[in-house]
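Quick note: the coordinates plus some simple rules give every number you see, no bench work behind them. Nothing here was measured: the structure is a model prediction, and the numbers come from that model. Backbone-built Cβ (ideal geometry, glycine too); neighbour counts: all protein chains shown.
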Amino acid sequence: MTSEIHYDPYTGRPVDARAEVGTDSLSVAVRLGLEPPRFCAECGRRMVVQIVPDGWTSVCSRHGLVDSAATGRR
């Protein structure tokens, strides 16, 4: 059985899909939803991030767009 590797969207480091991320390891801005993800959670690539007045957008060249509206945080 192989474990799927995913990536931390804020650091780009590989994480085990079954592992839980402790809130102590996240910055205050991330916990409040103010910091956009900078890395793709699927492949770990650096994403193009744009901050706009009402949220943010992050685009992975392989996996597409993630925005603050999709995550429920505006």
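Test of understanding: what is the full-extension gain from L34 to L65, defined as 0.36 nm times their sequence separation minus their Cα-Cα distance? All intermediate terms of the calculation are to be shown ahead of the outcome.
Values: separation 31, 0.36 × 31 = 11.16 nm, distance 1.74 nm.
So the extension gain works out to 9.4 nm.
First measure r as the distance between the Cβ atoms of I51 and I5, then evaluate 1/(1 + (r/R0)^6) with R0 = 22 Å and state the FRET efficiency to the nearest 0.05. Provide the component values of the computation, followed by the final result.
Values: r = 29 Å, r/R0 = 1.30.
So, using R0 = 22 Å, E works out to roughly 0.15.
Where does each of 35-42, 59-66 land if you order them by average Cβ count within 10 Å, highest first?
On the way: 35-42: 18.5, 59-66: 13.6.
Result, highest mean first: 35-42, 59-66.
Show me 43-54, 5-16 ranked by packing, highest mean number of other Cβ atoms within 10 Å first. Could the numbers behind the result be given before it?
Numbers: 43-54: 12.5, 5-16: 14.9.
Going from most to least packed, we get 5-16, 43-54.
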